[in-house]
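One structure below.
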């Protein structure tokens, strides 16, 4: 980022001369399209450092700032694509451990992506009304419906259901703990501990009036249900590990300004920095 800050004006900050890094530099899409052209680029492990990518495409490592601005990156460390080692370190730092990141559920989403199967018209007609919304028609040139496929919609909900579990000893549980009832294999995440109960979400399976840890569940109460039991097969939980990995994969796809436009870019940058 050396040359990026070289062009920032100096200010007197409590008697000390410093770079005014609060100066706003914003290349709007319209401005970019007026003066230079870009091309799509897919980052790899070898280009997982912006200075190395800058060296390859611009002949100098000092144009990493241009990559950040072109792709609206604010944090040069974590907005840029991370290689496997850096990603793992980031996940461990953020969630405490790799295992914890795999256990922690962030939300639920419509699981259409891995399902490329089709169903015939008769089977679609036999489905419950609340399930039909997960399918879209396949039509021919005459606009006749031939069959149905999973609807490609990225629906997301915060949790599938919230339960209140009344237990003999709530003090055995802590907020954000992932609990499992051994007799039923039911699982959930604790979101609140009260005097005589625990509130849980991200529920898998059915909790029974039986032992949980070293205490007993005396009764259960359904507080909210975002995904009905009939619709549950059409949804999948997304763990913190999955979320971080997928977000990082998306960062592979960036835009690069053609090197022939560097003089125009630097001219515009200087104009912006003086405003």
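Structure above, values below:
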{"quantity": "Some residue of region 184-202 being out of contact with any strand residue (DSSP E or B) (no Cβ under 9 Å at 6 or more places or on another chain), in a loop (DSSP other than H, G, I, E, B) and over 21 Å from residue 229 (Cα atoms)", "calculated": "yes"}
{"quantity": "Selection count where residues are assigned to a strand (DSSP E or B) and in contact with a helix residue (DSSP H, G or I) (Cβ under 9 Å, 6 or more places away or on another chain), scope region 237-252", "calculated": "2"}
{"quantity": "Residue check, residue 217 in the same structural domain as residue 168 (by TED's automatic domain parsing), over 25 Å from residue 233 (Cβ atoms), within 32 Å of the chain's Cα centre (by Cα) and not in a loop (DSSP other than H, G, I, E, B)", "calculated": "no"}
{"quantity": "Within region 186-211, considering residues that are crowded, with 18+ Cβ neighbours inside 10 Å and touching a helix residue (DSSP H, G or I) at 6+ places or on another chain (Cβ under 8 Å), the one nearest to residue 168 (Cα to Cα)", "calculated": "197"}
{"quantity": "Residue within region 142-152 that is modelled with pLDDT under 95 and touching a strand residue (DSSP E or B) at 6+ places or on another chain (Cβ under 9 Å) present", "calculated": "no"}
{"quantity": "Residue in region 220-234 that is under 30 Å from residue 125 (Cβ atoms), modelled with pLDDT of 95 or more, out of contact with any helix residue (DSSP H, G or I) (no Cβ under 7 Å at 6 or more places or on another chain) and assigned to a strand (DSSP E or B) present", "calculated": "yes"}
{"quantity": "Residue list for region 107-134, restricted to those being in a strand (DSSP E or B) and within 30 Å of residue 240 (Cβ to Cβ)", "calculated": "107, 108, 109, 110"}
{"quantity": "Test for residue 69: is it more than 20 Å from the chain's Cα centre (by Cα) and either modelled with pLDDT under 95 or in a helix (DSSP H, G or I) (or both)", "calculated": "yes"}
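The values are calculated or read from the model by the stated rules, or taken from the named source; none is laboratory data. Note that the coordinates shown come from a computational prediction; the quantities given were computed from them, not determined experimentally. Don't worry about glycine lacking a Cβ; one is built from the backbone with ideal geometry, like all the others, and counts go over all protein chains shown.
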